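These notes are about the structure you will find just below.
Please treat every number below as a calculation from the coordinates, not as lab data. Since the model is a prediction, treat every value here as computed from it, not as a measurement. Neighbour counts are summed over all protein chains in view; Cβ atoms, including those assigned to glycine, are modelled from backbone coordinates with ideal geometry.
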Amino acid sequence: MSIALTSDEDLPWQLNGRTNLKTIPPRTMLHYTKRYPKDRLDSLRLRGDDLADMVATELHSNHGGLTKINDLLGIVHEKSEVPGERGDVFRKFLEHSRAKPPWADKDKIARGQRVHAVHMPFMGLSLFSGSLVGGSQFATAAVVTALAGNITSDPLRRINETGLLLAALAFPGSLFDAGSEAHDSLTRVRLLHGALRHWLPLSGRLAPHRDMVPESVYVEGEVPINQQDLAITLAIFCYTNLRSLRLMNVILSASDIDAYVHMWRYAGYVLGIGEDLLPVSLEDQEEFMLCSMLHQGKPDWINGRETKKFIDVFAKNANTQSRGIIPFDKVQTFLHQMTRYLNGNDYVVGMDIEDLGDDHWTVRFIRTMGFLFGTALPRNVPLGEAALFHWNTFQVRRGLRQRGTPIGHAAGSGADVSAQARSRL
């Protein structure tokens, strides 16, 4: 099912039909649209990922259970060699994973990855506040994440897991083909989601789930990590991330925004998100996201104590890693204000974060750094983009080596896309 490039409606949060990345639409402006009415969003909560779900069911029923949960892709490759019908489910999954949709543009995806690498320090802050913290406003998904043990049991583990995925994306060439680092990382996440959709209902953990979320966002019969949840996560990594970058004074060209959206569109395909939810444009994804925020977002539901505890763990870690040079209270204040500033006051009301104003040193600091290192240097200084790219990817490689998970040759050379391809973008 294809979707239109632009909505046929006049959407109040857009400016002349285009996404206005400089503003966060207030909740009073949100409403359902013709493409995303409430009943359609309800239906998305009943859909999982058929191919990944069939793999999980087959492993559980006929192949000794869901073991080696962190290497399900390796198990799928192994089981695909089983002759006859017993290997069919695994072969079908791998065939889909290897297939390229006709719209996938290798050069544009590579350019999107380079944009990601060049602006990685700002991406990290944006995705910390928007994905790991701001995403907690989605009540049902937050409960499922907690049930899976991803945040409350070990916050730093969640940060590291997300960081590893983002690190793999920093190398142009690591996403397009099956077998390369980013592609395999996303495929492993897809299989893990399938395993969780299978295991959580059987474990009994979902039994009290109905009473743990607000009545207004629960859809009877919904499955955990459903298509709407997956597409919301994709939008946090793409639309919300781009909006946060702009608020930090990181100004990307229209062609780089287009390439970045295309990169995440393809990443969403690898993750098993349905074609009807993969964004053709930034406007597509903004419309879906804001309708979903009305549908699933409950900012007043957020547990402020737990959210602040999560932020404080990260602040304490930064203080420890710097051997006390970076004061804990300064990092804490900075992260609190970034969470408020980048998500918008309407969407963090339950966090009980004091609004110190957009003229506070934290906001002024990040806007100054964003303009200098996110806009002026890469766009106006000769070889500035190349210097940032090589420095950031050097830091990523060094960090991965320290963790024992180096990026190999399958991640590509890290070279820029060709001049011809860039001009086409």
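See the values below:
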| item | result |
| --- | --- |
| Cα-based convex hull volume of region 269-386 per residue, rounded to whole Å³ | 194 |
| Distant-in-sequence amide H partners of Phe138 (H built 1.01 Å from N, under 5 Å) | Lys298 |
| Ascending count of other beta-carbon atoms within 10 Å, so fewest first, for Cys291, Cys238 | Cys291, Cys238 |
| Derived scalar couplings ³J(HN,Hα) [region 112-120; Karplus, 6.51 cos²θ - 1.76 cosθ + 1.60; whole Hz; x for Gly, Pro] | x, 5, 5, 4, 4, 5, 4, 10, 4 |
| Computed E for Ala254/Asp276 - FRET, C-beta separation, R0 25 angstrom, nearest 0.05 | 0.50 |
| Listed pairs Lys308/Lys330; Lys38/Lys108; Lys22/Lys309; Lys34/Lys106; Lys68/Lys308; Lys38/Lys298 exceeding 26 Å between Cα atoms | Lys38/Lys108; Lys22/Lys309; Lys34/Lys106; Lys68/Lys308 |
| Computed [θ] at 222 nm, deg cm²/dmol, the chain (DSSP H ≥ 4; -39,500 (n - 2.57); rounded to nearest 500) | -16500 deg cm²/dmol |
| Ranked His183, His77, His96, criterion: other C-beta atoms within 10 Å, fewest first | His77, His96, His183 |
| Calculated from backbone phi, Karplus (6.51, -1.76, 1.60) coupling profile of region 314-323 in Hz, x at Gly/Pro | 5, 5, 5, 5, 5, 5, 5, 4, 8, 6 |
| Linear extension gain, Asp71 paired with Asn317, 0.36 nm per residue minus alpha-carbon span | 85.7 nm |
| Estimated vicinal HN-Hα couplings, Hz - region 73-81 in sequence order (Karplus 6.51, -1.76, 1.60; Gly, Pro = x) | 5, x, 5, 4, 4, 5, 6, 5, 7 |
| Those residues of region 223-242 whose amide nitrogen sits under 16 Å from the label point placed on Arg35, 7 Å along Cα→Cβ | 228, 231-232, 234-236, 238-240 |
| Loop trypsin sites (Lys or Arg not before Pro), region 268-337 (other Cβ atoms within 10 Å of the site Cβ: 14 or fewer; DSSP) | Arg323 |
| Estimated FRET transfer efficiency (Trp391, Glu220; beta-carbon r; R0 60 Å; 0.05) | 0.70 |
| Fewest-first sequence of Leu166, Leu342, Leu335 by Cβ atoms within 10 Å of each Cβ | Leu166, Leu335, Leu342 |
| Cα-centred dipole magnitude for the chain, charges only on beta-carbon of K, R (+1) and D, E (-1), debye, nearest 20 | 1240 |
